[in-house]
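Below is one structure, written out as structure tokens; the observations come after it.
The values are calculated or read from the model by the stated rules, or taken from the named source; none is laboratory data. What you are looking at is a predicted structure, and each value in this text was computed from that prediction instead of being measured. Methodologically, a virtual Cβ is constructed for each residue, glycine included, from the backbone with ideal geometry; neighbour enumeration extends over all protein chains shown.
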Amino acid sequence: MKKSVLIISCIALPLLVCSCGKCGLYRMIDKAFENAQAQYIPLADSILTACPGRFPHSLKEDGSMTAVKSNGWTSGFFPGSLWYIYEWGQNPEIRDFADKFTAQMEKEQYNTHTHDVGFMMYCSYGNSYRLCPDTLKRRILINSANSLKSRMNPVVGCIRSWDGEVKPGWHYPVIIDNMMNLELLMWAFTETGDSTYLKTAVCHADHTILNHFREDYSSYHVVNYDPVTGDAMFKGTHQGLSDDSAWARGQAWGLYGYTMMYRFTSDDRYLHQAGKIAEYITSFPVMPADKIPYWDFMAPKDGEWTPRDASAGALYASALLELSTYVEADLSEGYREYAIDILKSLSSKEYTAARGTNGRFLLRHSTTSFPAGREIDKPLNYADYYYLEALLRLKNILDSER
Ligand code: GLY
């Protein structure tokens, strides 16, 4: 009798577990990482052989690879993705490639010419240190945080994004993307206890709330400040459709940035900001059914094909999953469902490239800059990075509920 109960339980238990949908999600996650491993090993190998010192970024119109130098803003994403794949599968071959590509980033710790040093070093060395810590990596990350911190002008209250005059009169441009770089500063504060990192990040985040957001919590891409008076002189766009529009990835940088700031500070103002941005994104009426946004929310025109931005979709998924862990149950459920819908879309054949195609990047259909005609409907290394990150975040949430 006892034996038959046991046998029935053994058969029924997996069925019961599967009926809640979690098994399907685990399968989606594992399939995506198996694919990522199969695509990225030959990609890493070929880049190291053909162009050492470079990092896969995207594809040109003729299908050939764009590979950036270590000082390109996207350089850290490929090593970061390799670290995520290593985190998932613990494959020593992947770790070896992750180590090699990360080491190629080392000199950027002293790069004081761009805010992107945060993206570059935290995605590469940050993940490397998190998974396989050592004192050299720690030093490199702290030096990188110092380089980033040096770009703060206390009169403006923000870290300067770009050097040079990207447009005439832009003497102190700050872009919403810059919220992402604060993660390196917050890490440095947590690691060293030096409050100057915290003060810099909080000052930047607070000024960005003041100047980058509209009443509906959509954000401008660029705010140009007067570096002498600190006044916001111009609010508009560089990569979006128009000064008044909502550039899809810009909304993602804000959502992710304030969610991350809440993680480190437990400051309710940041949770509120992230919640409002999430509301703007998830209730936007012109969102495609698959929840992968148009490159700009205002871009679609009747009868015209409008490119998507899978990188923005991946970012929404990753940020919403984190945000879902900070809010009450019904909101949390909604964020999680939205993120899962995105991940299902990105994991479908429409977005995940067939093995051996797409230059071995994982995802299709991202857009760098429509106005500049750069990488429209193309793979992008950071779409892959945030997709893998979101899948791992989902796995961690599911694991925690087991
Ligand atoms: N941070 C540059 C971009 O999002 O295109």
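Numbers for the structure displayed
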item: Hey, Ala98 hydrophobic (A, V, I, L, M, F, W, C), at pLDDT 95 or above and not in a helix (DSSP H, G or I) or not; result: no
item: Single residue of Phe284, Phe264 found to be of a type outside the set (Lys, Arg) and closer than 17 Å to Phe213 by Cβ; result: Phe284
item: Any pair with Cβ under 6 angstrom, 6 or more apart, that starts in segment 86-114 at a residue that is within 15 Å of Leu43 (Cβ to Cβ) and ends at one that is among the hydroxyl-bearing types (Ser, Thr, Tyr) and crowded, with 21+ Cβ neighbours inside 10 Å; result: Ile94/Tyr86; Ala98/Tyr86
item: Criterion: at negative phi, away from the ligand (no atom under 16 Å from the Cβ) and surrounded by fewer than 24 Cβ atoms within 10 Å (Cβ to Cβ) - qualifying residue of Arg336, Arg374; result: Arg336
item: Subset of segment 126-180 (residues that are among the β-branched types (Val, Ile, Thr) and either crowded, with 20+ Cβ neighbours inside 10 Å or part of a loop (DSSP other than H, G, I, E, B) (or both)); result: Ile140, Val155, Val156, Ile159, Val166, Val174, Ile175, Ile176
item: Selection from segment 227-255 of residues that are part of a helix (DSSP H, G or I) and within 12 Å of the ligand (Cβ to nearest atom); result: Ala248, Arg249, Gly250, Gln251, Ala252, Trp253, Gly254
item: Count of residues meeting criterion [outside any helix (DSSP H, G or I), in contact (Cβ under 8 Å) with a residue 40 or more places away in the chain and not hydrophobic (A, V, I, L, M, F, W, C)] in segment 181-223; result: 6
item: Segment 275-298 residues that are outside any loop (DSSP other than H, G, I, E, B), paired with ones that are of a type in the set (D, E, K, R) (beta carbon under 7 Å, 6 or more apart); result: Tyr280/Asp216; Tyr294/Arg308
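One line per residue, one yes/no per condition, for (1) over 24 Å from Thr367 (Cα atoms); (2) surrounded by 24 or more Cβ atoms within 10 Å (Cβ to Cβ); (3) of a type in the set (A, V, I, L, M); (4) touching a helix residue (DSSP H, G or I) at 6+ places or on another chain (Cβ under 7 Å):
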residue	(1), (2), (3), (4)
His207	yes, no, no, no
Val222	no, yes, yes, no
Val228	yes, no, yes, no
Ala232	yes, no, yes, yes
Ala246	no, yes, yes, no
Gly250	no, yes, no, yes
Gly254	no, yes, no, yes
Tyr258	no, yes, no, yes
